[in-house]
Structures are given as structure tokens and as C-alpha cells.
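Have a look at the structure below, then the notes.
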Amino acid sequence: MNSLDQKQLLFLKRNIFTASQKTLCKKFEQYGGSFTFIIDDKKYKIKYESSKAYTDYIFDQDYMKHRHGSMHRGAGPLLQDKYGKVNHQENNMIKKLDRELRKK
């Protein structure tokens, strides 16, 4: 049985466990216990003991990464893009570079 860290346990709770298994997790975190869960038609066991969780499931680290390491920009476009506002400092820098390139 492998010891689980918080990220691995959270991943299991969000993506694999059913609602009843999540409830069991809450109870077992306080009192201890174990249950089985199924991934790809294979049975795995999770066991809770005094503030530690163990499982025989082996994690693939690349599988757990959110969006495989790409950045997430947020809910939508930036406010300056949304309302057509201009970042004057950035705009002045672009104009300055354009002038220097034209001189050459």
C-alpha cells in the first residue's frame, strides 16, 4: 500500500469516487476504515489510518497535471481588451521600436 499525499487524494475524490464513496472518505478521515474502488475494471483499495491514507493504486504524475502544464488565463479576456482600452506605456514602446526600425 502506498501512502497518498493531499493532491493525490483530492484527485481521487474529484475524478473517480462516487458520492457515497466521498461520504465514506469523510467518515473514515475521522475514525479510520477502508473501501474498494474501481478504475478501468480493476479493483483498488483505499485505507484510512490515523491522519494518513493508503492505496494500492499507482499514480501517473503526468495524468494528474491540470491541462498538461499549460497556463490558464482566467475566465475571459482582460479588461483592457474587453473595453478597447489601450495600455499607453506598452503602445509607446511599440511606436518607439517601429521608429527605430524604420530608420535602419
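The values are calculated or read from the model by the stated rules, or taken from the named source; none is laboratory data. Treat the numbers as computed from the prediction; the structure is a model and nothing was measured. Note that we place each Cβ from the backbone using ideal geometry, even for glycine, and neighbour counts take in every protein chain shown.
Every residue in the stretch 19-34 that is under 25 Å from the mean Cα position of the chain (by Cα) and either part of a strand (DSSP E or B) or touching a residue at least 12 places away in the same chain (Cβ under 8 Å) (or both), please.
21, 25, 28, 29
With a cut-off of at least 2 residues that are at pLDDT 60 or above and exposed (fewer than 10 other Cβ atoms within 10 Å of the Cβ), name the helices (runs of 4 or more DSSP H) lying wholly within the stretch 50-104.
Output list reads 88-103.
Out of the residues in the stretch 6-27 meeting the condition of being under 18 Å from residue 49 (Cβ atoms) and aliphatic (A, V, I, L, M), tell me which one is surrounded by the most Cβ atoms within 10 Å (Cβ to Cβ).
12
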